[in-house]
2 protein chains.
Amino acid sequence: MKAMEEKILADGIVLPGNILKVGGFLNQQIDIPFMTEVGKEVARLFEGEGITKVMTIEASGIPLATMVAQAMGVNEVIVKKHASANLSKDVYSAEIYSYTHGNSYMAVVAKEYLQKEDKVLLVDDFLACGNALKGMMKMLDDAGAELVGCVAAIEKGFQGGGDDLRAQGIRVESLAIVESMDDDGSITFRS
Amino acid sequence: MKAMEEKILADGIVLPGNILKVGGFLNQQIDIPFMTEVGKEVARLFEGEGITKVMTIEASGIPLATMVAQAMGVNEVIVKKHASANLSKDVYSAEIYSYTHGNSYMAVVAKEYLQKEDKVLLVDDFLACGNALKGMMKMLDDAGAELVGCVAAIEKGFQGGGDDLRAQGIRVESLAIVESMDDDGSITFRS
């Protein structure tokens, strides 16, 4: 999506440690008109696939997943990072290692929100090593639900998670794939 | 909002400890068509107020805040519960006690996303003691931004947070106010 690349070049900031800061439009402040268009673009990409649910993991993927689900006219399921008092014991779970935070956490979703008839699109803001997506895929497997594909607003191509999933035959649509980032702040996209 | 009360009665479950489980449509699985309508209703309630930003705190208020911001045509700002490597040191912060989790956490928002010219609507899924809203109000004060009002999908009237804010002259619009919940599962709304 050319518009996503242009947005990253206009508003993104490269920080030391291969961090791409896009808080101004994607996950701290949400550029609502732009993200609404992104949601529509994702719905267009997966038109006719019969998707019944959009699934994401809290917290920074939620705005995009909400926009995608709205454009598709289906419900959204949010995987929780921490079990809470409000969460039934009857859950699908996966341990996920967070590259950003440098630790692992237990992710859970109530079984009642995933049926074996569901055809699910996984959505997140970033795709780096792909650990969050892989954790959600385990949950879909446990539920017997069908994985239709994965969407990321921004894929860090150099971290390999997206290509690893593609090599397994999984459809991965990233709206922009960053191939490299340099200390001078320049960003190269995969063509 | 009559539709919110009807939704709670249809899909909500009362659990021991004054917990109202509404994960089926509000914060674990999102009923997208319903929540889209809720967003429009909130935009209608605050029409003409000149709101420039909708602000919420991660994670469960994000879907509603996204819908409200979209219906208003303004951007959304998401307060983070945990400082991360991607977050600048230049933040407004507040310590917030979570009734649900029984602990305190440090909430932060980057200063660049709140300007003193902003007229802000605070949005969350639940309003109980009001601690999350009060924490966000401190951030608005620190930024010199204007608080226009607060919105909750569901207010637990018996916990007093909403009335406390109203007594301070703050406009609080809750789409449903639960006055009491009984162990037999019955729910009484404020009329």
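Hey, what number do you get for chain A at 222 nm if only DSSP H runs of n ≥ 4 count, each worth -39500 (n - 2.57), divided across all residues, to the nearest 500? Kindly include the intermediate steps, with their values, before the conclusion.
Details: 5 runs with 55 residues, N = 191.
Mean residue ellipticity, 222 nm, calculated: -8500 deg cm²/dmol.
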Legend entry - Stokes-Einstein D in µm²/s, Kirkwood radius over Cα pairs - the stretch A:97-161 at 20 °C with 1.002 mPa s viscosity: 170 µm²/s
Legend entry - Calculated from backbone phi, Karplus (6.51, -1.76, 1.60) coupling profile of the stretch A:164-174 in Hz, x at Gly/Pro: 4, 5, 4, 5, 8, x, 8, 6, 10, 10, 9
Inset, instruction - For residue A:61, list long-range residues whose amide hydrogen, built 1.01 Å from N in the peptide plane, is under 5 Å from its own amide hydrogen. - result: A:125
Inset, instruction - With everything on Cα atoms, drop me the angle between helix B:32-45 and the longest principal axis of chain B, reported from 0 to 90° to the nearest 10. - result: 70 degrees
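Restricting to the stretch B:80-191, what percent of DSSP beta bridges are antiparallel, rounded to 5? Show your work: numbers first, answer last.
Details: 12 of 25 bridges.
That works out to approximately 50 percent antiparallel.
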Legend entry - Label distances, nm, residue A:184 versus same residue in remaining copies, Cβ-directed 7 Å point: 7.6
Inset, instruction - For the stretch B:1-81, just the Cα atoms, rotate onto the principal axes and tell me the three extents in Å, largest first. - result: 40, 31, 20
Inset, instruction - Return the Cα extents of the stretch A:38-163 along principal axes one, two and three, sorted largest first, each rounded to a whole Å. - result: 36, 35, 23
Inset, instruction - Can you list the distances in nanometres, one decimal and ascending, from the residue A:115 label point to the identical position in each other copy, with the point 7 Å along Cα to Cβ? - result: 4.8
Inset, instruction - Please build a GNM for chain B, connecting alpha carbons under 10 Å apart, and tell me which residue among B:28, B:168, B:115 fluctuates the most. - result: B:168
Legend entry - Inter-copy spacing of residue A:37 label points, which lie 7 Å from Cα along Cα→Cβ, given in nm from shortest upward: 3.1
Inset, instruction - Return the sequence-ordered ³J(HN,Hα) values of the stretch A:94-107 in whole Hz as given by the Karplus equation 6.51 cos²θ - 1.76 cosθ + 1.60 applied to θ = phi - 60°, using x for Gly and Pro. - result: 7, 8, 10, 8, 9, 5, 5, 9, x, 8, 9, 9, 9, 9
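I'd like to compare A:69-78, B:155-164: which one has the highest average count of other Cβ atoms within 10 Å, and what's the full order after that?
Working: A:69-78: 22.7, B:155-164: 19.3.
Top of the packing list down: A:69-78, B:155-164.
Answer rounded, prolate or oblate for the protein assembly as shown, using the Cα gyration tensor with square roots of eigenvalues a ≥ b ≥ c: rounded when a/c is under 1.5, else prolate when a/b is larger than b/c, else oblate.
oblate
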Legend entry - Karplus (6.51, -1.76, 1.60) ³J(HN,Hα), θ = phi - 60°, over the stretch B:119-129, in Hz, Gly and Pro reported as x: 10, 10, 9, 8, 10, 8, 6, 10, 10, 10, 7
Legend entry - Among B:97, B:113, B:105: highest mean-square fluctuation, GNM of chain B, C-alpha pairs under 10 Å: B:105
Inset, instruction - Return the distance in nm (one decimal) between the two label points of a simple spin-label model at residue B:168 and residue B:19, each offset 7 Å from Cα along Cα→Cβ. - result: 2.8 nm
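Every number here is computed from the coordinates shown, using simple stated rules; none is lab data. No experiment lies behind these values; they were computed from the predicted model shown. Backbone-built Cβ (ideal geometry, glycine too); neighbour counts: all protein chains shown.
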